[in-house]
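Data block below; observations after.
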Ligand code: DQB
Ligand code: GRF
C-alpha cells in the first residue's frame, strides 16, 4: 500500500537499556511503517540505547545535564537537538529525567511515554515493585501523552498483564516488557496515521480514513 505523506520523524529519549527503542527501530524497518527514528538522545553516555541507535545508523546524542546550569537550560538543549533533526514526535523510552514545562509546551501533544503499569495505578519509579507490593492480580503497560505532571497525561493505549503468585520484580517486569514492545510501535503508528485526537483527558482513536 502507498501511504499518505512523508514519514513522521521520531526523536527517542532514553536513559538505559533501550529495549523499547529497539522495538520501535524494528517496527520502522517495515517500509510501510509511517514513522522513522531520526535521532536518539540520552542523558547517560553509557546508555545501551545510544549503541542501539548507532548500530542502525541513527544519530545518537549524549546530553549531560551537568553541563547545564538548570533544568530549563538542559531542556532547551534537548529542544535544540530535536529541532535540528526536525522531529515531529518525541518518544520517552526509559528516560529518567522529568521534562520541564518549556519542553512539554514546545512539543505540546507530541510527546509520548511508556509506563510499566496500568495508570493511574503505580505512577513514578519502580511501578512493577509497587504492583507486587500492593498485591494486584492484573497490572500492565500504558502509553500516554506527556503533560507537565509525572505519568499523568492522557492515556493512548493500555495492555493488561497477569501477576503470578511466584512473580518477582524481574519476572513480572519481563512479562510487562513483552506487552510494552508491541504497544509502543502501535501507538506511534496511530499518531503517524493522524488518528489520535486529544479530547480533555481522553485520547480518541479515529478510524482509518
Ligand atoms: C519517569 C517517572 C518518574 C521519574 C522519572 C521518569 C523520576 O521520578 N525520576 C527521578 C527524578 C529525576 C529528575 O528530577 O529529573 N517516567 N516528564 C513529564 N511528564 C511525564 C515521564 C517520564 C519522564 C519524564 C514524564 C516525564 O509524565 N513532564 C518517565
Ligand atoms: C520500561 O519498563 C518502561 O516502561 C519504563 O522504563 C523501562 C525502559 O526499558 N519507562 P528499556 O530501556 O526500554 O529497555
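Values quoted throughout were computed directly from the atomic coordinates according to the rules given, and no laboratory measurement underlies them. Keep in mind the model is a prediction, meaning the values are calculated, not measured. Backbone-built Cβ (ideal geometry, glycine too); neighbour counts: all protein chains shown.
Among 155, 138, 41, the largest mean-square fluctuation in a Gaussian network model of the chain, built with springs joining Cα atoms closer than 10 Å, belongs to 138. The mean sequence distance of close C-alpha pairs (under 8 Å, at least 6 residues apart), as a share of the length of segment 114-209, puts its relative contact order at 25 percent. Of the Cα atoms belonging to segment 114-209, the radius of gyration and Dmax stand at 14.0, 45 Å. Counted residue by residue at 0.36 nm each, then reduced by the alpha carbon distance between them, the extension gain from residue 178 to residue 98 reaches 26.3 nm. Computed from the C-beta positions of residue 207 and residue 67 and an R0 of 35 Å, the FRET efficiency is 0.15 to the nearest 0.05. Taking other C-beta atoms within 10 Å as the exposure proxy, 104, 79 rank 79, 104 from fewest upward. Helix content alone sets the calculated 222 nm mean residue ellipticity of the chain: runs of n ≥ 4 DSSP H residues at -39500 (n - 2.57) each, divided across all residues, give -10000 deg cm²/dmol. Running a GNM on the chain with Cα contacts under 10 Å, which residue among 60, 106, 199 ends up with the highest mean-square fluctuation? Sorting by GNM fluctuation, first place goes to 199.
Rounded is the label for the chain, because a/c, from the alpha-carbon gyration tensor with a ≥ b ≥ c as root eigenvalues, stays below 1.5.
Each of 68, 134, 184, 74 was scored by other Cβ atoms within 10 Å of its Cβ. Listed from fewest to most, they are 134, 68, 74, 184.
Where in segment 141-182 is the amide nitrogen less than 16 Å from a point lying 7 Å along the Cα-to-Cβ axis of residue 26? Under cut-off, by backbone N: 174-182. Take the Cα of residue 186, go 7 Å toward its beta carbon, and the backbone nitrogen atoms of segment 116-149 under 16 Å from that spot belong to 116-119, 139-145.
Relative contact order of the chain: 18 percent, from C-alpha pairs under 8 Å at least 6 residues apart in sequence.
The ranking of 171, 28 by Cβ neighbour count inside 10 Å, starting from the fewest, reads 171, 28. Counted over the chain, the DSSP beta bridges are approximately 45% antiparallel.
Once a ≥ b ≥ c are taken as the square roots of the eigenvalues of the Cα gyration tensor of segment 1-92, is the result rounded (a/c under 1.5), prolate (a/b larger than b/c) or oblate (a/b not larger than b/c)? Oblate, because a/c is 1.5 or more while a/b does not exceed b/c.
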